[in-house]
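Structure incoming, see below.
The values are calculated or read from the model by the stated rules, or taken from the named source; none is laboratory data. Keep in mind that this is a model prediction, so the values were computed, not measured. So basically every Cβ, Gly included, is an ideal-geometry build from the backbone, and we count neighbours across all protein chains shown. With ligands, DNA and RNA removed, areas are computed over all heavy atoms of the protein, side chains included. Shrake-Rupley method; radii C 1.70, N 1.55, O 1.52, S 1.80 Å.
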Amino acid sequence: MTLSIDTDLITIDKIQLFPNQQVETDMLRLDKIHTQISGNKWFKLKYYLSQAIRENKTGLISLGGPWSNHLLALAAATHLAGLKSIGIIRGEKPAKPGDTLGDLSDLGMELIYTSRSAYRNREQLLSELAQQYPDFMVVDEGGQGFTGAKGAADILQLVPDSQQYSHILCAVGTGTMLAGLALAAHPHQQLIGISSLKGKEEQLSAIEQWFPQLADRLEINTAFHFGGFARHTTQLIAFMNHFFEQTGVPTDLVYTAKLCYAWKSLTQEGFFEPGSRVLLIHSGGLQGNRSLPPGTLTF
Ligand SMILES: *Cc1c(COP(=O)(O)O)cnc(C)c1O
């Protein structure tokens, strides 16, 4: 059994946000791959899936929060591949499960709710899962790690003439996608991750552990977290609506909105020297916007 995703749906769009925008910018629209197996999550999962199929595993097991893009992609991809899936969900079962949890159940994922304290001890949780479910392949939170980054390295194959870009910008959660892009990038290209959360030390040390050669190859900017992971401000929401009106591109509140805001700020500050060509990676995740009250976004 093989599983393939239609990467023909991905486009590269020119991003023109202001009238005299000096920096030529394109965006790789990974959000268009699939509504559930969205964006970078497909790339981070693909080698786990092929390995699970090769090793005759029953399915995949992983963990995440109640709005996790990763668990949704994993549930949908395993469903398509004819494999089972188990999701360890952070926190108590809500009285009224949100849209993402509903989708996970619809896709046949078995959901196991776990206390926040048990979830926090991820290393222990992962090793317990490996013991309890020997027929399942255990995938770390968010698809992070060496195998996920190897998959993310394939992202740049979708960009013809990718060496034309001087800068590649992407959102950072675990840093796995950024590491993958850095693995595949040309030596002259600057790799900049925009962190969706306050810190970057954990991400940088994880990347260095997976790929020691990447230590000097990339940087993470933490100036645009808007209060921390999955936090947002009214300013960010207003920006998302404005960005959509001007460019036609929807962004998600956790990752790509912060990425695009950072790109706009850096452009206006003159961070990119004249003649720069910027590639923004739209890593998907739009389904997470369903956590907002209806009417918050104009798209
Ligand atoms: C998961 C996710 C990220 C973060 O990717 P990492 O590899 O964990 O850094 C970025 N953007 C979107 C839309 C995501 O869903």
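Using a Cα distance threshold of under 13 Å, what count of lysine pairs results for the chain when pairs must be 8 or more residues apart or interchain?
Lysine pairs satisfying the spacing and distance rule in the chain number 6.
For the chain, what relative contact order do you get, as a whole percent, if you take Cα pairs closer than 8 Å and at least 6 residues apart?
It rounds to 22 percent for the chain.
At 222 nm, what helix-only mean residue ellipticity would the chain give, in deg cm²/dmol to the nearest 500, using -39500 (n - 2.57) for each DSSP H run of four or more?
Roughly -10500 deg cm²/dmol at 222 nm, from the helical runs in the chain.
Per residue, what accessible area does the range 31-133 have, given a 1.4 Å probe and all protein chains present, in Å²?
Solvent-accessible surface per residue comes out at 46 Å².
Okay, moving on. Simple spin-label model, 7 Å along Cα-to-Cβ: residue 208 to residue 96 in nm?
Simple spin-label model gives 4.7 nm for this pair.
Where both residues lie in the chain, what percent of DSSP beta bridges are antiparallel, nearest 5?
So the antiparallel bridges in the chain amount to around 10 percent.
Working out 0.36 nm times the residue gap between residue 298 and residue 131, then minus their Cα-Cα distance, what length gain in nm do you get to one decimal?
55.5 nm
So which GluC sites (Glu not before Pro) in the range 56-153 are both in a DSSP loop and have at most 12 other Cβ atoms within 10 Å of their Cβ?
Answer in residue order: 92.
Percent of accessible area on the range 151-299 owned by carbon and sulfur, 1.4 Å probe?
Answer for the range 151-299 is 51 percent, counting heavy atoms of protein chains only.
Given labels modelled 7 Å from the Cα in the Cβ direction, how far is it in nm from residue 230 to residue 21?
Simple spin-label model gives 3.1 nm for this pair.
Now for a separate question. What spacing in nm lies between the two simple spin-label points modelled at residue 290 and residue 215, each 7 Å away from Cα in the Cβ direction?
Going from the residue 290 label point to the residue 215 one covers 4.4 nm.
While we're looking at this one, here's another question. At 0.36 nm per residue, minus the direct Cα-Cα distance, what do residue 53 and residue 121 gain on full extension? Give it in nm, one decimal, please.
21.6 nm is the gain from fully extending residue 53 to residue 121.
First compute the accessible area of the range 6-142 with a 1.4 Å probe, then give the percent of it belonging to carbon and sulfur atoms.
That fraction is 47 percent.
Continuing with this model, one more query. In what sequence, highest mean first, do 6-17, 30-41, 177-188, 154-165 appear when ranked by Cβ atoms within 10 angstrom?
My ranking of the peptides, most packed first, is 30-41, 177-188, 154-165, 6-17.
Could you give the accessible area per residue of the range 206-299, probe 1.4 Å, as a whole number in Å²?
Accessible surface, normalised per residue, equals 45 Å².
Follow-up question, since we're still on this one. What percent does the relative contact order of the range 126-238 come to when contacts are Cα pairs within less than 8 Å and at least six residues apart?
RCO, the range 126-238: 22 percent.
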